[in-house]
Amino acid sequence: MIPPPPPATKEALRYKHALYAGWESLKERPLSTKTAQEVCSVLQARPALIRSTPGTYIGDPATGKRHYTPPEGKEIIENHLANLEKFLYPAKESPYDPLTIMAATHYQFEAIHPFYDGNGRTGRILNILLLIQSELITFPVLYLSSYIVENKARYYQLLREVTTQGNWEEWLLFIVEGVEKTATSTLAMINKLRDIQSTMEADIRAAGITPAKELTDLLFSSPYLRIRDVEEAGLVKRQQASHWLNSLVQQGILLDHKVGREKFFINHAALNILTA
Ligand SMILES: Nc1ncnc2c1ncn2[C@@H]1O[C@H](COP(=O)(O)OP(=O)(O)O)[C@@H](O)[C@H]1O
Ligand SMILES: [Mg+2]
C-alpha cells in the first residue's frame, strides 16, 4: 500500500487536474464562464457554485479588516460574468493584444470573485488557458503563478489600485513583466532539461541498453518511473525492464526509492532542474 499523499501534494495534483481539464475543454469550446466553473470544481473536488449568499470578502479574517468586498447577489455576479465573456469572445477579432486581454480578464475575474473559494487559483489557471487559446503557447507550460506568488504583496496592492484608482497601466506592466520573466526562466529550464536528456541518452546507450532513445524519452516524460511503466510503454518485458532500471541505479544515473511495496526509479537530475 502506498500511504496517502500529504495535503500539499494533493493540492498540487488537483491543480494539475484542473489545468488539464480546462485545457481539454478548449478543444470543445472557447474559454467562458463554464470553463471557470469546471476548473474551480476540479480544483475543489466538488461543484463550484456561483456565490448566492453575502459575506465573502478579501481581507484579514483575524482582525475582520476588509480590503475588498466583491459584488453580491447571484444575478449581479452572473451579469458581470456575462460581460466578461463578451469581452473575451471572439478573442481573435479583439482590438487588444492577447496579453492585455489576459491582464484585464484576470483583474475582472478576481474582482467579480464569482465563487466562495478558489477564485485566485482558478484565475491563475484561466491566464494560462487564455495564452493557449490565443496561440501564444501550445502547451500549458508557462507557470505564471510562481511570479504572482513571489510578488504577492505587489499583486494584491495592484489589484486594489485598479479598483480604487483605475491604475490599469501599472497592473498591465506588472503582468507583462511576469510573462517575460516566467517565459525566460521556463525556456532556460527546458534547455537545461534538453541538455541533460541528451547526456543521459548517450550514457544509457554506452551502458548497452537499446532502444536508448525510447527509454530516455520515457525517463523524461515523468521524473520517476516504476518497472511496470517501462513494460506498459511497450519497450520490454518486466524482467528486462527491472534489469535496465536497476543497472541504471548502480551507475548512479537513477535513484531508487521505495514507497510501501512500490519501487520508484527517480530521474534525480531532471527532478533537480524541475524543482530548482
Ligand atoms: N483587492 C483585491 N481585489 C480583487 N481580487 C483580489 C484582491 N486581493 C486579492 N484578490 C484575489 O483573491 C484571491 C483569493 O481568493 P480565493 O477565492 O480565496 O482564492 P484561492 O482560494 O484560490 O486562494 C487572491 O489570490 C487574488 O487573486
Ligand atoms: Mg481561498
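The values are calculated or read from the model by the stated rules, or taken from the named source; none is laboratory data. Predicted, not measured: the structure shown is a model, and the values here were computed from it. Please note: Cβ atoms are built from the backbone with ideal geometry, for glycine as well, and neighbour counts cover all protein chains shown. These area figures cover heavy atoms from the full protein model, side chains too; ligands, DNA and RNA do not enter into them. Shrake-Rupley method; radii C 1.70, N 1.55, O 1.52, S 1.80 Å.
Starting from the Cα coordinates of segment 90-205, work out the convex hull volume and express it per residue in Å³.
Working: hull volume 15.0 nm³, N = 116.
Looking at segment 90-205, the number lands at 129 Å³ per residue.
Using alpha carbon centroids, what distance separates segment 54-112 and segment 160-238, in Å?
When both Cα centres are located, 32 Å separates them.
Any aspartates and glutamates with Cα under 18 Å of the K27 Cα? List them, leaving off those in the same chain fewer than 8 positions away.
E38, E85, E135
Using the Kirkwood formula on the Cα atoms of segment 120-276, what hydrodynamic radius do you get, in angstrom to one decimal? Working shown, then result.
Numbers: mean 1/r = 0.0544 Å⁻¹.
Every distinct Cα pair counted, the radius reaches 18.4 Å.
Holding the Cα-Cα limit at 29 Å, pick out from K16/K65; K65/K181; K213/K258; K10/K152; K10/K258; K152/K258 the pairs that are longer than that.
Numbers: K16/K65 33 Å; K65/K181 33 Å; K213/K258 26 Å; K10/K152 23 Å; K10/K258 20 Å; K152/K258 37 Å.
Correct reply: K16/K65; K65/K181; K152/K258.
With N set to the residue count of segment 192-275, report its C-alpha Rg divided by 2.2 N^0.38 Å to two decimal places. If you can, show how the numbers build up before the last one.
Working: Rg = 11.7 Å, N = 84, 2.2 N^0.38 = 11.8 Å.
Computed over Cα atoms of segment 192-275, the ratio equals 0.99.
Considering only T216, I58, S247, whose Cα is most displaced toward the positive end of the charge dipole of the chain, charges sitting on Cβ of Lys, Arg (+1) and Asp, Glu (-1)?
S247
With +1 on each Lys and Arg Cβ and -1 on each Asp and Glu Cβ, and nothing else charged, work out how big the dipole of the chain is about its Cα centre, in Debye to the nearest 20. Write out the running numbers ahead of the final one.
On the way: 30 positive and 30 negative charges, 172 e Å.
Using Cβ point charges on Lys, Arg, Asp and Glu, the chain gives about 820 debye.
If you count only protein heavy atoms and use a 1.4 Å probe, how large is the accessible surface of D203, to the nearest 10 Å²?
Ignoring ligands and nucleic acids, D203 comes out at about 70 Å².
Which of I148, I227, I175 ends up with the largest GNM mean-square fluctuation for the chain, with Cα atoms connected below 10 Å?
I227
E170 to D60: FRET efficiency via 1/(1 + (r/R0)^6), r the Cβ-Cβ distance, R0 30 Å, to the nearest 0.05?
According to the calculation, E is roughly 0.80.
Just the Cα atoms of segment 43-102: what Rg and Dmax do they give in Å?
When restricted to Cα atoms, segment 43-102 yields Rg and Dmax of 15.7, 46 Å.
Using the alpha carbon gyration tensor of segment 7-140, what are the three equivalent-ellipsoid semi-axes (square root of 5 times each eigenvalue), largest first, in whole Å? It would help to have the intermediate numbers written out before the result.
Numbers: eigenvalues 117, 71, 36 Å².
Calculated on Cα positions only, the semi-axes equal 24, 19, 13 Å.
Got the relative contact order for segment 58-142 handy, in percent, Cα pairs under 8 Å and 6 or more residues apart? Let's see the in-between values first.
Values: 53 pairs, mean separation 20.6, N = 85.
Relative contact order of segment 58-142: 24 percent.
Compare K263, K10, K258 by solvent-accessible area with a 1.4 Å probe and give them largest first, with all protein chains kept in place.
K258, K10, K263
F220: accessible area at probe 1.4 Å, nearest 10 Å²?
So the heavy atoms of F220 present about 40 Å² to solvent.
Probe radius 1.4 Å, ligands and nucleic acids left out: which of R154, R261 has the largest accessible area, and how do the rest follow? Write out the running numbers ahead of the final one.
On the way: R154 95, R261 210 Å².
Reading off the accessible areas and sorting them downward yields R261, R154.
Summing -39500 (n - 2.57) over the DSSP H runs of n ≥ 4 in the chain and dividing by its residue number, what mean residue ellipticity at 222 nm do you reach, to the nearest 500 deg cm²/dmol? Before the final figure, lay out the partial values.
Details: 12 runs with 176 residues, N = 276.
After summing the helix terms and dividing by the residues of the chain, the value is -21000 deg cm²/dmol.
Step through the residues of segment 177-187 one at a time and calculate ³J(HN,Hα) from phi using the Karplus curve (6.51 cos²θ - 1.76 cosθ + 1.60, θ = phi - 60°), rounding each to whole Hz and writing x for Gly and Pro.
The phi angles translate into 5, x, 5, 5, 5, 5, 4, 5, 6, 5, 5 Hz.
Round to the nearest 10 and give me the degree value, 0 to 90, for the angle of helix 74-88's Cα axis relative to the longest principal axis of the chain.
Tilt relative to the chain: about 70 degrees.
Hey, if we sort W23, W244 by accessible area with the 1.4 Å probe, largest down, what's the order? Walk me through the numbers on the way to the answer.
Working: W23 50, W244 10 Å².
The ordering from most to least exposed comes out as W23, W244.
Can you list, largest first and rounded to whole Å, the semi-axes you get for the chain by taking the square root of 5 times each eigenvalue of its Cα gyration tensor? All intermediate terms of the calculation are to be shown ahead of the outcome.
Numbers: eigenvalues 355, 86, 63 Å².
Result for the chain: semi-axes of 42, 21, 18 Å.
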